[in-house]
Amino acid sequence: MSETTPGTPYGTLPAAAPLPPRKPVSLPRLQEMRERGEKIVMLTAYDATFAAVADQAGVDCLLVGDSLGMVCQGRPSTVGVTLQEMCYHTECVVRGVRRVQGTVWVIGDLPFGSYQESREQAVRSAAALLQAGAHMVKLEGGGWTIETVRFLVERGIPVCAHLGLTPQTVHALGGYRVQGRSDAQAQQLRRDALALQDAGATMLVLEMVPAALAAEITQQLPRCHTIGIGSGNGTAGQVLVMHDMLGIHLGRTPRFAHNFMHGASGVLDAMSAYVRAVKEGRFPDNAVHAW
């Protein structure tokens, strides 16, 4: 049995150098970061403990991703994740964040089937995630989703959009492939990105989009902050699935990931290294992690 320091509650975070006070992340704060060229650091989280460590490490945004279906539940894709499960994991993450600094911006994924039926269904689903503690919701795709985004934003619900490889429609895309390589695909991504910004989306995940195209789209969206994953270092910020960042996975490591546990003394150290690497522009390296 492991020993604990007398008087110290079991399960508290390991001692670390005190962090300077941070302003809570908000939509105005994200815009300020964007305007001064500070990279936005996002990481996925699914439970209280890892969320608390991420907050302590200085992560700006936590995405409670439906990727939990694959990394936590062992599913082959994200499609089977339910709204009830997303609300449960969002509640867990928010409790963890409140245990530390409480400064992180929390984004909850709208899972497959929770917003496709109608705009009204999307509002009900988004309300459930906000009531679970999320500050913003994320949905995938362009085209028909643009009016859904507008409908949500008009009702006071912050939205993060998601273009490129959209895991909820991976079967329609023919697998986990880079998107936007052809001229037609690239033009469609540009149009969708601009339309999503005009609809009110204030963040946009670009997944597995060629680096040059992702950088171009970023420059065209001054009010919508692009978050890259496998899309090069020209975006306004970066996100990784936490398990990939820690070198823990059930299958092949994605090309765009990096194991920050290598050489780290622990999870807090690894997350802090990830934050520093993104903020300093050292991760991702386009020659290694992008197309």
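Bear in mind these aren't lab numbers, they're just calculated from the coordinates by the rules spelled out. Small disclaimer: the values here were computed from a predicted structure and weren't measured. Using ideal geometry, Cβ is built from the backbone for each residue, glycine included, and neighbour counts are taken over all protein chains shown.
How big is the equivalent ellipsoid of the range 13-112 along its three axes, where each semi-axis is √(5λ) from the Cα gyration tensor, reported in whole Å from largest to smallest?
So the three semi-axes of the range 13-112 are 25, 17, 11 Å.
List the residues, sorted by chain then number, that are 5 or more residues from Asp66 or on another chain and whose placed amide H is less than 5 Å from its amide H.
The list, which skips near neighbours in sequence, is Asp109.
Computed from these coordinates, which is Rg/Rh (Cα atoms, Kirkwood Rh): (i) 0.95; (ii) 1.03; (iii) 1.00?
(i)
Taking 7 Å along the Cα-to-C-beta vector as the label spot, tell me the Asn286-Glu147 distance in nanometres, rounded to one decimal.
3.8
Could you list the trypsin sites (Lys or Arg not before Pro) in the range 17-121 that lie in coil according to DSSP, counting only those with at most 11 other Cβ atoms within 10 Å of their Cβ?
Arg36
Using alpha-carbon positions, what is the distance between the centroids of the range 129-182 and the range 190-225, in Å?
The distance from the Cα centre of the range 129-182 to that of the range 190-225 comes to 12 Å.
Go through the range 157-166 residue by residue and turn each phi into a ³J(HN,Hα) via Karplus (6.51, -1.76, 1.60, θ = phi - 60°); whole Hz please, and just put x for glycine and proline.
Using θ = phi - 60°, the values come out as 10, x, 10, 9, 8, 8, 10, x, 6, 10 Hz.
Rounded to whole Å, give me the distance from the Cα center of the range 241-266 to that of the range 50-112.
17
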